[in-house]
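For reference, the structure discussed in these notes is given below.
The values are calculated or read from the model by the stated rules, or taken from the named source; none is laboratory data. For clarity, every value in this text was computed on a predicted model and none was experimentally measured. Here the Cβ positions follow ideal geometry from the backbone for every residue, glycine too, while neighbour counts run over all protein chains shown.
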Amino acid sequence: MKVTGFTFIRNAVANDYPIKEAILSILPLCDDFVVALGNSTDETSALVKSIAPEKIRTIDTVWDDNLKEGGFVFANETNKALAAAAVDADWLIYIQGDEAIHEDYLPLIKKELEAELNNDDVEALLLKYKHFYASYDYVAESRRWYRREVRILKNLPGIHSYKDAQGFRINDRKLKVKLIDAYIYHYGWVKPPKGLQGKVRNFNQYYQTEEWIEQNYPVQNTFDMHNADRLVHFTGSHPKVLRARIDAANWKFEKDLTKETPKMNFRRRLLQKIEDLTGLRLFEYRNYKIVK
């Protein structure tokens with residue numbers, strides 16, 4: 001069984017994305033790894049090439065900054081990395097530059113790779129998500145945050161990144177997936193207040209015009225917590241590869257952020273209550289078909 005990892009990245013250093021930790025978190029599962037290195041203006045290329053030269057291959061790419069509709073540029077870059085994956089790989093593991101997998105889940109994932117290798121009814125594995133927000137001590141838990149996504153794929157013809165690279169499809173149909181009890185830890189929103197504001201402005205440049213960004217997210221040193229919707233305290237442990245980054249974090253929130261988020265409207269409160277009581281997320285968008 002051969003496993004290839006893949007990702008894309010651009011300006012990770014300038015935007016403080018944990019790309020090194022992201023790659024290292026899944027590297028033990030991979031026989032090789034492909035990184036689509038975008039046209040960065042910082043030290044991202046050198047950083048990526050220093051991680052594990054014996055396993056990692058890089059391809060140089062140029063982002064089409066005109067692909068703003070739906071964030072398609074992210075899918076475009078993902079597909080470049082996907083196309084460069086080893087043709088003889090059985091499985092492909094995708095990780096984005098602000099994600100990581102806890103080492104505790106690696107044995108389970110490897111077991112699932114072996115168990116479903118020859119099962120034609122399973123085309124991909126669906127992982128659960130923890131979305132960290134503002135600091136490493138809080139997780140955003142509400143309907144505004146996707147709770148599952150495909151990150152492990154069989155190397156099948158026709159598979160491609162979909163829309164803004166949140167998921168995948170095969171020949172434009174949904175993948176048949178198995179939900180497994182492993183989590184992706186998403187750290188893209190872990191930043192001090194000014195950094196969060198910059199995150200939103202930088203993120204929206206791939207979706208919106210400069211005029212729209214200035215009107216909706218002008219430069220400021222604070223951040224409106226409405227995007228979190230609902231925060232809960234995180235009581236678990238983070239992946240070992242993140243420990244040094246977490247220890248170096250130099251900001252602190254004096255207030256309890258679980259009390260800082262605005263109230264949901266009636267409809268969202270009702271649907272959230274149903275989910276909290278039953279585990280069912282009504283009207284959930286699913287870019288996959290759970291078969292097992």
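Would it be correct to say that TYR129 is at pLDDT below 95 and out of contact with any Ser or Thr (no Cβ under 7 Å at 6 or more places or on another chain)? Write out each step before concluding.
Details: at pLDDT below 95: no; out of contact with any Ser or Thr (no Cβ under 7 Å at 6 or more places or on another chain): yes.
Against the criterion (at pLDDT below 95 and out of contact with any Ser or Thr (no Cβ under 7 Å at 6 or more places or on another chain)), TYR129 does not qualify.
Kindly list, by first and then second residue, each pair from a residue in the stretch 272-292 that is touching a residue at least 12 places away in the same chain (Cβ under 8 Å) to a residue that is surrounded by fewer than 12 Cβ atoms within 10 Å (Cβ to Cβ) and assigned to a loop (DSSP other than H, G, I, E, B), limited to pairs with Cβ atoms under 9 Å and residues at least 6 apart or on different chains. Once the first residue is touching a residue at least 12 places away in the same chain (Cβ under 8 Å) and sits in the stretch 272-292, its partners that are surrounded by fewer than 12 Cβ atoms within 10 Å (Cβ to Cβ) and assigned to a loop (DSSP other than H, G, I, E, B) give GLU275/LEU282; VAL291/ASP121; LYS292/ASP121. When each of ASN66, ASN15 is tested for being in contact with a helix residue (DSSP H, G or I) (Cβ under 8 Å, 6 or more places away or on another chain) and not hydrophobic (A, V, I, L, M, F, W, C), the lone residue that passes is ASN15. The strands (runs of 3 or more DSSP E) falling completely within the stretch 23-98 that include 2 or more residues that are in contact with an Asp or Glu (Cβ under 8 Å, 6 or more places away or on another chain) map to 32-37, 56-60.
Among the residues of the stretch 256-270, is any modelled with pLDDT under 60, of a type outside the set (Asp, Glu), loosely packed, with under 15 Cβ neighbours inside 10 Å and outside any loop (DSSP other than H, G, I, E, B)? For the stretch 256-270, residues modelled with pLDDT under 60, of a type outside the set (Asp, Glu), loosely packed, with under 15 Cβ neighbours inside 10 Å and outside any loop (DSSP other than H, G, I, E, B): absent. SER142 - would you say it is modelled with pLDDT under 95 and over 15 Å from TYR185 (Cβ atoms)? Criteria met by SER142.
Quick test for you: out of ASP247, ASP224, pick the one residue that is more than 16 Å from VAL139 (Cα to Cα), of a type in the set (Asp, Glu) and modelled with pLDDT of 65 or more.
Values: ASP224 fails: modelled with pLDDT of 65 or more.
When all the criteria are applied, what remains is ASP247.
Take the residues of the stretch 107-151 that are among the aromatic types (Phe, Trp, Tyr) and within 20 Å of LEU175 (Cβ to Cβ): which is surrounded by the most Cβ atoms within 10 Å (Cβ to Cβ)? Step by step, filter the stretch 107-151, then rank; the result is TYR129. Close Cβ contacts (under 8 Å, 6 or more residues apart or on different chains) running from residues in the stretch 64-91 that are at pLDDT 95 or above and of a type in the set (Val, Ile, Thr) to residues that are surrounded by 18 or more Cβ atoms within 10 Å (Cβ to Cβ) and in a loop (DSSP other than H, G, I, E, B) comprise THR78/ALA165. Scanning the stretch 130-152 for residues that are more than 17 Å from SER237 (Cβ to Cβ) and of a type in the set (Phe, Trp, Tyr) yields TYR133, TRP145, TYR146. Among the listed residues ASP60, ASP90, identify the single one that is over 20 Å from ALA165 (Cβ atoms) and either surrounded by 18 or more Cβ atoms within 10 Å (Cβ to Cβ) or not polar (S, T, N, Q) (or both). Just one listed residue meets the conditions, ASP90.
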